[in-house]
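Enquirer: Handing you a structure now.
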Amino acid sequence: MRLVTLPGVFRPISDTWLLADALDREPLAPGARVLDLCSGSGALAIRAALGGPRVVTAVDVSCRAVLTIRLNAALNRVRVRALRGDLFGAVEGERFDAIVSNPPYVPAPTDELPTRGPERAWDAGRDGRSLIDRICDRARAHLRPGGTLLVVQSSLLGVEPTVEALRSGGLVVDVPVRERGPLGPLMGGRRAHLEAVGLLAPGRDEEDVVVVRART
């Protein structure tokens, strides 16, 4: 897969590829409809399109991200519908066989989400859950029968709140992927805030990156 990123668009890192590998393992029928939320460079959408004859949609709030998605789809000779919008707001009334998302999930000093600048790609409120909670709340309404949601996050935000939010929506939930490693540069750069709000114990320097899966 060939990828470029326009200035201001976040370049995929390890959590994106962890989620992409999880998507590859999902049994999707030919013609499956796939949605990539918070798509950024379009890496997940393009991975889905390369995996078989699928109808793929990518959504991001950034104009530059949408342009990047279209450019990368052309570079990889796949068809991806790239839409600008706020999460599911761009696909109201549509349902999908698979939804994947690597949303911003880095805890920030304020609950006000940035509207510009590089932090827009990772800041997610004081507890890091501003976007994940919204995705959990609306996911079932956008899944077809038998559909699957895959979302990646850090264990520092709490995995159980994500699991419980999805279960309360009537979905069957598990955690098929969990990978432990040192704090990444973004989380490491927020160590003082993470410790201040109780998300990181003093002296701790590891986190788990997990993929949460929910099925109808």
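Enquirer: Taking segment 81-106, which residues are part of a strand (DSSP E or B) and more than 17 Å from THR148 (Cα to Cα)?
Expert: Scanning segment 81-106 gives ARG81, ALA82, LEU83, ARG84, VAL106.
Enquirer: Quick one: is ILE46 at pLDDT below 95 and either in contact with a strand residue (DSSP E or B) (Cβ under 8 Å, 6 or more places away or on another chain) or farther than 20 Å from HIS142 by Cα (or both)?
Expert: Details: at pLDDT below 95: no; either in contact with a strand residue (DSSP E or B) (Cβ under 8 Å, 6 or more places away or on another chain) or farther than 20 Å from HIS142 by Cα (or both): yes.
In short, no.
Enquirer: Go through the residues of segment 116-124 one by one and say whether even a single one is under 28 Å from GLY8 (Cα atoms), among the charged types (D, E, K, R) and free of Cβ contacts under 8 Å to residues at least 12 places away in the same chain.
Expert: At the first step, the residues of segment 116-124 found to be under 28 Å from GLY8 (Cα atoms) are 116-124.
Pick out the ones that are also among the charged types (D, E, K, R) and you get 116, 119-120, 123.
Within this subset, residues satisfying the condition of being free of Cβ contacts under 8 Å to residues at least 12 places away in the same chain are 116, 119.
Yes, segment 116-124 has at least one match.
Enquirer: Sticking with this structure for a sec: Mind counting the residues in segment 150-167 that are aliphatic (A, V, I, L, M) and part of a helix (DSSP H, G or I)? It would help to see each step written out before you state the result.
Expert: Start the filter on segment 150-167 by keeping residues that are aliphatic (A, V, I, L, M), which leaves 150-152, 156-157, 159, 163, 165-166.
The next check asks that each one be part of a helix (DSSP H, G or I); those that pass are 156-157, 159, 163, 165-166.
So the count comes out to 6.
Enquirer: On to the next question. Scan GLY147, GLY128 and give me the residue that is in a strand (DSSP E or B), modelled with pLDDT of 95 or more and among the small types (Gly, Ala, Ser).
Expert: Details: GLY128 fails: in a strand (DSSP E or B).
One residue alone meets the criteria, GLY147.
Enquirer: Hey, among PRO109, PRO202, PRO114, which residue is surrounded by fewer than 20 Cβ atoms within 10 Å (Cβ to Cβ), touching a His at 6+ places or on another chain (Cβ under 9 Å), over 29 Å from VAL55 (Cβ atoms) and modelled with pLDDT under 95? So that I can check it myself, show each step before the final result.
Expert: On the way: PRO202 fails: touching a His at 6+ places or on another chain (Cβ under 9 Å); PRO114 fails: touching a His at 6+ places or on another chain (Cβ under 9 Å).
Unique residue meeting the criteria: PRO109.
Enquirer: So, one more: Within segment 133-144, can you find the residues that are of a type outside the set (Gly, Ala, Ser) and in a helix (DSSP H, G or I)? Steps first, answer last, please.
Expert: Let us first name the residues in segment 133-144 that are of a type outside the set (Gly, Ala, Ser), namely 133-138, 140, 142-144.
The answer is ASP133, ARG134, ILE135, CYS136, ASP137, ARG138, ARG140, HIS142.
Enquirer: Now, a different point. Go through the residues of segment 122-142 one by one and say whether even a single one is farther than 24 Å from ARG180 by Cβ, crowded, with 22+ Cβ neighbours inside 10 Å and either among the aliphatic types (A, V, I, L, M) or in contact with a His (Cβ under 9 Å, 6 or more places away or on another chain) (or both).
Expert: For segment 122-142, residues farther than 24 Å from ARG180 by Cβ, crowded, with 22+ Cβ neighbours inside 10 Å and either among the aliphatic types (A, V, I, L, M) or in contact with a His (Cβ under 9 Å, 6 or more places away or on another chain) (or both): present.
Enquirer: Shifting gears a bit: I'm checking my understanding of the structure. Among residues of segment 168-212 that are assigned to a strand (DSSP E or B) and among the hydrophobic types (A, V, I, L, M, F, W, C), which one is farthest from LEU149 (Cα to Cα)? I'd like the intermediate steps shown before the answer.
Expert: The first filter runs over segment 168-212 and keeps only residues assigned to a strand (DSSP E or B), leaving 172-182, 206-212.
Those still in the list that are among the hydrophobic types (A, V, I, L, M, F, W, C) too: 172-173, 175, 177, 209-212.
Numbers: VAL172: 10, VAL173: 9, VAL175: 11, VAL177: 14, VAL209: 16, VAL210: 13, VAL211: 10, VAL212: 8 Å.
Step by step, filter segment 168-212, then rank; the result is VAL209.
Enquirer: Shifting gears a bit: Could you tell me which residue of segment 1-20 is surrounded by the most Cβ atoms within 10 Å (Cβ to Cβ), considering only residues that are more than 17 Å from LEU149 (Cα to Cα) and among the β-branched types (Val, Ile, Thr)?
Expert: Residues of segment 1-20 more than 17 Å from LEU149 (Cα to Cα): 1-14.
With among the β-branched types (Val, Ile, Thr) added as a condition, the list becomes 4-5, 9, 13.
Details: VAL4: 11, THR5: 18, VAL9: 25, ILE13: 12.
The selected residue is VAL9.
Enquirer: Still on this structure: PRO185 fails exactly one of the following numbered conditions: (1) loosely packed, with under 14 Cβ neighbours inside 10 Å; (2) in contact with an Asp or Glu (Cβ under 6 Å, 6 or more places away or on another chain). What is the number of that condition?
Expert: (2)
Enquirer: If a residue must be in a loop (DSSP other than H, G, I, E, B), under 22 Å from GLY181 (Cα atoms) and touching a helix residue (DSSP H, G or I) at 6+ places or on another chain (Cβ under 8 Å), how many such residues does segment 1-20 contain? Reasoning before the result, please.
Expert: Initially, segment 1-20 is screened for residues in a loop (DSSP other than H, G, I, E, B), giving 1-13.
Now restrict to residues that are under 22 Å from GLY181 (Cα atoms): 10-13.
Checking which are touching a helix residue (DSSP H, G or I) at 6+ places or on another chain (Cβ under 8 Å) leaves us with 10, 12.
Count: 2.
Enquirer: Quick one: in segment 21-76, of everything that is of a type in the set (D, E, K, R) and in a strand (DSSP E or B), which residue is surrounded by the fewest Cβ atoms within 10 Å (Cβ to Cβ)? Reasoning before the result, please.
Expert: Start the filter on segment 21-76 by keeping residues that are of a type in the set (D, E, K, R), which leaves 21, 24-26, 33, 36, 47, 54, 60, 64, 70.
Then drop every residue that is not in a strand (DSSP E or B), which leaves 33, 36, 60.
Values: ARG33: 18, ASP36: 30, ASP60: 29.
So, considering only residues that are of a type in the set (D, E, K, R) and in a strand (DSSP E or B), the one surrounded by the fewest Cβ atoms within 10 Å (Cβ to Cβ) is ARG33.
Enquirer: Given the structure, is GLU207 at pLDDT 95 or above, surrounded by 13 or more Cβ atoms within 10 Å (Cβ to Cβ), over 16 Å from the mean Cα position of the chain (by Cα) and within 19 Å of PRO104 (Cα to Cα)?
Expert: Numbers: at pLDDT 95 or above: yes; surrounded by 13 or more Cβ atoms within 10 Å (Cβ to Cβ): yes; over 16 Å from the mean Cα position of the chain (by Cα): yes; within 19 Å of PRO104 (Cα to Cα): yes.
Yes.
The values are calculated or read from the model by the stated rules, or taken from the named source; none is laboratory data. All figures in this text were calculated on a predicted structure; none of them were measured in a lab. Backbone-built Cβ (ideal geometry, glycine too); neighbour counts: all protein chains shown.
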